[in-house]
Amino acid sequence: MLAKPPQLGDLILGRFRLMAHIGNGGMGTVFLATDISLSYQKVALKFLNSHLAYKPSSLTRLKNEVYVSRKL
């Protein structure tokens, strides 16, 4: 059974509160979130579409995205 899609206000991993929907893309959905463990720092969280979540190639692409984003 699949988990419910993330919704605004959800607390993810006991740490990230979803504050706003930023957008959708081919791989997933991006939300603006607040990290309540780091003085409410704002972060972006990306959730892979369910049909991609268990494909190793999708996880590799996501890791590459994170690597490039961190350089910005």
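The set of residues from the stretch 25-72 being in a strand (DSSP E or B) and of a type in the set (K, R) comprises K42, K46.
Within the stretch 30-54, residues that are more than 19 Å from A20 (Cβ to Cβ) have Cβ atoms under 6 Å from residues that are open to solvent by 70 Å² or more (accessible area, probe 1.4 Å) in these pairs: S37/R15; S50/L2, counting only partners at least 6 apart in sequence or on another chain.
In the set K55, K63, K46, only one residue is open to solvent by 50 Å² or more (accessible area, probe 1.4 Å) and in contact with a strand residue (DSSP E or B) (Cβ under 8 Å, 6 or more places away or on another chain); that residue is K46.
Of all residues in the stretch 5-37, those satisfying the criterion of being closer than 20 Å to H51 by Cα, open to solvent by less than 50 Å² (accessible area, probe 1.4 Å) and more than 10 Å from the chain's Cα centre (by Cα) are G23, G25, M27.
The values are calculated or read from the model by the stated rules, or taken from the named source; none is laboratory data. Everything numeric in this text was worked out from a predicted model, so none of it was measured. Heads up, the Cβs are rebuilt from the backbone with ideal geometry, glycines too, and the neighbour counts pull from every protein chain shown. Accessible surface is based on the protein model in full, side chains and every heavy atom, while ligands, DNA and RNA are left aside. Shrake-Rupley method; radii C 1.70, N 1.55, O 1.52, S 1.80 Å.
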